[in-house]
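Written out below as structure tokens is the structure these notes cover.
Nothing in this text is a laboratory measurement; each read-out follows from the coordinates by a stated rule. On a predicted model such as this, the values are computed, not experimentally measured, just so you know. A quick note on method: Cβ atoms are made from the backbone with ideal geometry, for glycine too, and the neighbour counts reach across all protein chains shown.
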Amino acid sequence: MKRIAIIGIGLLGSAVASRLLEGGFTVVGHDSRPEQLKPLAPRGLAAASSVKEAATGADAIFTILPTPDSVEATILGPGGLLEAMPGSATLLQMSTISPALTRRLADAATAAGRGFLDTPMSGTSAMVQRGDCTIFVGGDAGRLEACRPVLAAIGRRAVHIGPAGSASLAKLATNLLVALNTAALAEALVLAEKGGLAPGALVDLLKDSAGASKMVDVRGPLMVERRFEPQMKLDLFLKDLRLMLEEGQRLGVALPLTSLTQQLCTATVAGGRGGDDLAAVITTLQRMAGLGPD
């Protein structure tokens, strides 16, 4: 596989494109906001003015889009990828969407004689940028092997989970833990701060304690230094929380902690921080505790 198309050049899409360019692939990008492609143009990212133009001649096509509706329209809509992509290409769906929609997309691809893999990533945009992410894969194992060199250029591991939809479910479960760990870390830091402990010192202690986690490593420093430049935008993460709760309801699984975290994130977005990183949830808890400028 030589020519790769990416539909959606946001935070994650840009990171994926950067990895593939570094890996020596020819990469064509399309985004509804053409300005998103400009930073990577000097490194060789070619701009396509339409989904069809991006897909023409591609060996693999990634969709990395913000909402389930945008994924569905881009793949199934008139002039969408199932119509535009070459018959020999593989569509790799990386957006966080529901398992049900993923299965529907896979079925539509099969009916159209097109290759499809369910391939969400676990990792922030910064982690993806440095290749420190895991790619969950649902779908045909043989097609995964054909695409493995491309996926290897993006992340540390590409793990086959099962049929299409299973990787999307694994991604929701993973993001559930990310959300809860982030909210719990924020509570711990606010408790410490209110009691007179230095939050930075506590983060250092937590990294070498029974409470250690990836979120302590990644988002602890962001919370302490109040650096909320988005690695994972809060308003987009609210979409993920909604998908988790909907899947829980469909399966008959109670998710009380997820529901509470959704409310915390909703309050933070309502406070004007929807474009900030998930770490910004600490500002709501600080305000509730009478701390900080927010």
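With a cut-off of 19 Å, note down the residues of the stretch 225-257 whose backbone N falls inside the zone around a label point 7 Å from the Cα of residue 100 toward its beta carbon. Residues passing the 19 Å test: 239-255.
Are there any trypsin sites (Lys or Arg not before Pro) in the stretch 129-173 that are in a DSSP loop and have at most 15 other Cβ atoms within 10 Å? List them by number. Filter output for the stretch 129-173: 130, 156.
Quote the FRET efficiency, to the nearest 0.05, computed for residue 46 versus residue 201 with a Förster distance R0 of 45 Å and r equal to the Cβ-Cβ distance. Don't skip to the answer; put the middle values down first.
Values: r = 48 Å, r/R0 = 1.07.
Computed FRET efficiency for residue 46 and residue 201: 0.40.
Size estimate for the stretch 167-294 follows the Kirkwood approach: the inverse of mean 1/r over distinct Cα pairs works out to 14.9 Å.
Return the FRET efficiency for the residue pair residue 270, residue 132: r is the Cβ-Cβ distance, R0 is 41 Å, and the value is rounded to the nearest 0.05. Mind showing how you got there, number by number?
Numbers: r = 32 Å, r/R0 = 0.79.
E(calc), rounded to 0.05, equals 0.80.
How much length, in nm to one decimal, is gained on full extension between residue 156 and residue 208, taken as 0.36 nm per residue of separation minus their Cα-Cα distance? Spell out each step's value before the answer.
Working: separation 52, 0.36 × 52 = 18.72 nm, distance 2.42 nm.
Net length gain for the segment: 16.3 nm.
Cross-link reach is defined here as a Cα-Cα straight distance under 14 Å, omitting same-chain residues fewer than 8 places apart; for residue 52 the aspartates and glutamates meeting it are 31, 83.
A crude spin-label estimate for the pair residue 107 and residue 242, with each label 7 Å from Cα along the Cβ direction, gives 2.3 nm.
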